[in-house]
Amino acid sequence: MKNGLFAIIIGMSAHFDDIQKQASSLPLKEKAALARVLIEELDTSVDANAEQLWIDEAQRRYDAYLQGELEALPGDEVMNRTRSRVAARCL
């Protein structure tokens, strides 16, 4: 643990400790949902139009697929490629 993070944790309240213990006991899906909520609250740089931009991008890609400009790949292959790329960046 980095020294700065250790200092922050030491300065936390008992209330924080209680919340952390409760969060640790949550099932994995609930932990993930809680993490997402907390990250969204902290991330003030999110573009208000981001969701619409992703919808537009998905529609553009789907249209390109229908016109034969993009190839469809099996989901397992896409996930394997993604995992390989992430693993390579972590090395």
**Asked** If a residue has to be outside any loop (DSSP other than H, G, I, E, B) and either surrounded by fewer than 10 Cβ atoms within 10 Å (Cβ to Cβ) or touching a residue at least 60 places away in the same chain (Cβ under 8 Å) (or both) to count, how many in the range 13-36 make the cut?
**Response** 6
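Ala88: hydrophobic (A, V, I, L, M, F, W, C), at pLDDT 90 or above and in a helix (DSSP H, G or I), yes or no? Can you show your working first?
Values: hydrophobic (A, V, I, L, M, F, W, C): yes; at pLDDT 90 or above: no; in a helix (DSSP H, G or I): yes.
The answer is no for Ala88.
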**Prompt:** Out of curiosity, is Leu66 open to solvent by 100 Å² or more (accessible area, probe 1.4 Å) and of a type outside the set (Gly, Ala, Ser)?
**Reply:** yes
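The values are calculated or read from the model by the stated rules, or taken from the named source; none is laboratory data. Everything numeric here is computed off the predicted structure, so don't read it as measured data. A quick note on method: Cβ atoms are made from the backbone with ideal geometry, for glycine too, and the neighbour counts reach across all protein chains shown. These accessible areas exclude ligands, DNA and RNA; they are computed on the full protein's heavy atoms, side chains included. Shrake-Rupley method; radii C 1.70, N 1.55, O 1.52, S 1.80 Å.
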